[in-house]
1. Condition test on PRO109, is it of a type outside the set (Asp, Glu), surrounded by 10 or more Cβ atoms within 10 Å (Cβ to Cβ) and either without any contact (Cβ under 8 Å) to a residue 60 or more places away in the chain or within 23 Å of ASN131 (Cβ to Cβ) (or both)?
2. What residue, among those in region 70-81 that are part of a loop (DSSP other than H, G, I, E, B) and of a type outside the set (Val, Ile, Thr), is surrounded by the most Cβ atoms within 10 Å (Cβ to Cβ)?
3. Please enumerate the residues belonging to region 87-133 that are of a type outside the set (Phe, Trp, Tyr), part of a loop (DSSP other than H, G, I, E, B) and under 28 Å from CYS76 (Cα atoms).
4. Of these, ARG67, ARG84, ARG58, which one is surrounded by 10 or more Cβ atoms within 10 Å (Cβ to Cβ) and either modelled with pLDDT of 95 or more or not polar (S, T, N, Q) (or both)?
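The values are calculated or read from the model by the stated rules, or taken from the named source; none is laboratory data. Only a predicted model underlies this, so the values are computations on that prediction, with no experimental measurement involved. Heads up, the Cβs are rebuilt from the backbone with ideal geometry, glycines too, and the neighbour counts pull from every protein chain shown.
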Amino acid sequence: MKKKNLFILLITTILCVSFLTSSAWAGSRQRYRWEGVAIGIGAAILGNAIFSRPVQRRSCIRPVYYRPVPRRPVVCPSGYWEMRRTWVPPTYERIWVENYYNRYGDLVPGYWKERRRPGYWVKRRIWVADNRW
């Protein structure tokens, strides 16, 4: 606690001494007047450049107005969705198998291999048109 009081007393003493000095040490009053004016003008120009709105220039070209595109009425086609089974046909493809070594260390040359995927049934949602109307 004593160190804190000593620190406050030291700061207070330094501030009092700095305020007690005479203004004669500062030099003449007009010495830095024009430098201050230049700094003030520069700050005003810089502030105006930062905070001013951009100038909107009018162009000589007349604006072109387009007619809005008319909306088409929504037509609800007659019909319904139905889940139906559809057949996906089988696929065949030829694949080239690169050279490789088998588990006995023998080199097996490359060859063509046919891959067959069987067909299958899938349930899909299909739109069925209703022609009653």
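1. Numbers: of a type outside the set (Asp, Glu): yes; surrounded by 10 or more Cβ atoms within 10 Å (Cβ to Cβ): no; either without any contact (Cβ under 8 Å) to a residue 60 or more places away in the chain or within 23 Å of ASN131 (Cβ to Cβ) (or both): yes.
Spelling it out, it is not the case that PRO109 is of a type outside the set (Asp, Glu), surrounded by 10 or more Cβ atoms within 10 Å (Cβ to Cβ) and either without any contact (Cβ under 8 Å) to a residue 60 or more places away in the chain or within 23 Å of ASN131 (Cβ to Cβ) (or both).
2. Within region 70-81, the match that is surrounded by the most Cβ atoms within 10 Å (Cβ to Cβ) is SER78.
3. Of all residues in region 87-133, those of a type outside the set (Phe, Trp, Tyr) come to 88-91, 93-95, 97-99, 102-103, 105-110, 113-119, 122-126, 128-132.
Restricting the remaining residues to those that are part of a loop (DSSP other than H, G, I, E, B) gives 89-90, 98-99, 102-103, 105-106, 109-110, 118-119, 130-132.
Correct list: ASP130, ASN131, ARG132.
4. Details: ARG67 fails: surrounded by 10 or more Cβ atoms within 10 Å (Cβ to Cβ); ARG58 fails: surrounded by 10 or more Cβ atoms within 10 Å (Cβ to Cβ).
The unique qualifying residue is ARG84.
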